[in-house]
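The values are calculated or read from the model by the stated rules, or taken from the named source; none is laboratory data. Nothing here was measured: the structure is a model prediction, and the numbers come from that model. Because the Cβ atoms are built from the backbone with ideal geometry, glycine has one as well, and the counts that use them run over all protein chains shown. In case anyone asks, the SASA skips ligands and DNA or RNA and just uses the protein heavy atoms, side chains included. Shrake-Rupley method; radii C 1.70, N 1.55, O 1.52, S 1.80 Å.
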Amino acid sequence: MLDLALDTGLIGIVLVAGWFLLTLRSIFHFAPQLIPSVLIFGLHGAMDFDWSFTLSWMLFIWLGAWATALKMEADGFQRSGGTVEYTPFRFKLRSKSRSLFLRYLPTQSRPATVPMRSFFHILQRVTARLIRVSTVMIILFWIGGTVWLTSRYAVAEVQYRQAMSEPDGNPAQKVHLMAAFQSNPNRSDIVISLARTLTGREAESLLLNSLSHSPMQPQIYIELGRLAAQFGEGQQAGEYFEQAIALNRYDGIGQSVALYWMEQAARREWKAGFTDRARQTATAGVQMYERYQLLAEEVEAGNVRNDRRFVLEEHAPGYGENLRRLASGSSPPFTPELTKRSP
């Protein structure tokens with residue numbers, strides 16, 4: 001059901017639940033002898049996760065079709081004038097109790113059943129027609145919405161691929177990225193690529209706006225931290241990087257990128273004359289590196305599963321050492337091999 005919810009959304013869940021209820025209603029009314037079968041495979045499938053297999057769905061469809069066939073068979077006997085007449089057990093009890101009630105009523109006090117039956121018959125027909133029309137409209141809306149969203153995502157993918165094929169800085173690249181963003185503004189890679197074609201504050205505004213719609217995107221936080229580091233705002237960069245690591249702590253590359261830009265932010269603050277801020281930024285970067293190193297050691301020791309191949313990245317110790325020097329009050333420059341490029 002979780003996969004169904006992720007694939008089809010709320011409308012898909014409602015439609016499947018409605019189909020389940022209608023099938024169970026049909027089985028209960030027209031084929032009560034099939035209820036034990038439904039209970040056995042339905043409850044067992046729910047407990048043993050068998051509903052993830054196609055066979056369980058096929059069995060449920062087969063039981064519903066069987067109940068429909070029994071109903072059609074009973075209707076066929078009635079139309080042909082056969083002696084076999086199928087009436088659901090609930091309606092038999094209702095008709096019998098009504099006849100007993102009317103038998104002991106005086107003739108004058110008996111209700112006018114014919115007008116009432118006509119009214120309820122018309123009401124039943126109108127209700128059934130409204131249900132059918134509503135169901136068809138919901139299905140059409142669901143299918144139309146799915147096709148519309150799929151087409152927009154496909155257009156975004158095409159535009160993004162064309163943008164990535166263009167040289168960096170080419171105006172055509174920005175045009176394709178804008179078109180991709182308009183078609184699918186929820187993709188973090190499209191948002192980040194478009195932000196890198198804008199000026200600093202415009203890029204920050206775009207990223208923050210995207211973050212308001214998708215607050216669980218660690219790559220957006222990393223990009224915001226990179227921008228803050230370039231502005232020389234080490235404390236703000238550290239907050240963004242901490243949020244990114246909290247969302248995706250087993251991303252070794254992301255943690256290494258955060259250390260690199262924490263070092264860059266501290267160096268920019270030092271160069272601008274804000275030595276105290278630079279030491280504070282470097283101290284926060286050292287703490288970030290120590291947590292990263294400890295987590296990598298725990299994973300390497302086998303205490304945690306390592307399906308994502310989480311390790312201490314090659315340049316991370318160099319970033320950590322440089323941050324320690326800054327935190328202790330040593331002035332730049334540092335060894336250029338470790339800071340000459342961003343991860």
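The table that follows gives values for the structure above.
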{"read-out": "Any hit, the range 280-290, residues being among the aliphatic types (A, V, I, L, M) and open to solvent by 50 Å² or more (accessible area, probe 1.4 Å)", "value": "no"}
{"read-out": "Pairs with Cβ under 9 Å, 6+ apart, first in the range 57-81 and closer than 12 Å to Val38 by Cα and open to solvent by less than 90 Å² (accessible area, probe 1.4 Å), second at pLDDT 80 or above and outside any helix (DSSP H, G or I)", "value": "Leu63/Ala31; Ala67/Ala31"}
{"read-out": "Selected residue [part of a helix (DSSP H, G or I) and at pLDDT below 90] from Val311, Val286, Val299", "value": "Val299"}
{"read-out": "Per-region count, the range 314-334, residues modelled with pLDDT under 75 and open to solvent by less than 60 Å² (accessible area, probe 1.4 Å)", "value": "3"}
{"read-out": "Residues of the range 119-146 satisfying the condition of being out of contact with any helix residue (DSSP H, G or I) (no Cβ under 9 Å at 6 or more places or on another chain) and open to solvent by less than 90 Å² (accessible area, probe 1.4 Å)", "value": "Leu123, Val126, Thr127, Ala128, Val133, Ser134, Val136, Ile143, Gly144"}
{"read-out": "Any hit, the range 154-170, residues being at pLDDT below 90, open to solvent by 60 Å² or more (accessible area, probe 1.4 Å) and touching a helix residue (DSSP H, G or I) at 6+ places or on another chain (Cβ under 8 Å)", "value": "yes"}
{"read-out": "Enumeration of residues in the range 206-220 that are assigned to a helix (DSSP H, G or I), surrounded by 13 or more Cβ atoms within 10 Å (Cβ to Cβ) and among the small types (Gly, Ala, Ser)", "value": "Ser210"}
{"read-out": "Which numbered condition Gln243 misses (of (1) modelled with pLDDT of 90 or more; (2) closer than 26 Å to Asp168 by Cα)", "value": "(2)"}
{"read-out": "Near pairs, Cβ below 7 angstrom, 6+ apart or cross-chain, from the range 118-135 (on the phi > 0 side of the Ramachandran plot) to any residue that is surrounded by 10 or more Cβ atoms within 10 Å (Cβ to Cβ) and not in a helix (DSSP H, G or I)", "value": "none"}
{"read-out": "Test result for Gln264, in a helix (DSSP H, G or I), in contact (Cβ under 8 Å) with a residue 60 or more places away in the chain and among the polar types (S, T, N, Q)", "value": "yes"}
{"read-out": "Subset tally (residues that are surrounded by fewer than 19 Cβ atoms within 10 Å (Cβ to Cβ), assigned to a helix (DSSP H, G or I) and at pLDDT 90 or above) for the range 180-205", "value": "5"}
{"read-out": "Single residue of the range 228-247 satisfying the filter (open to solvent by 10 Å² or more (accessible area, probe 1.4 Å) and of a type in the set (A, V, I, L, M)) that is nearest to Thr283 (Cα to Cα)", "value": "Ile245"}
{"read-out": "Qualifying residue in the range 3-18 (condition: at pLDDT 80 or above, within 19 Å of Val136 (Cα to Cα) and of a type in the set (Ser, Thr, Tyr))", "value": "no"}
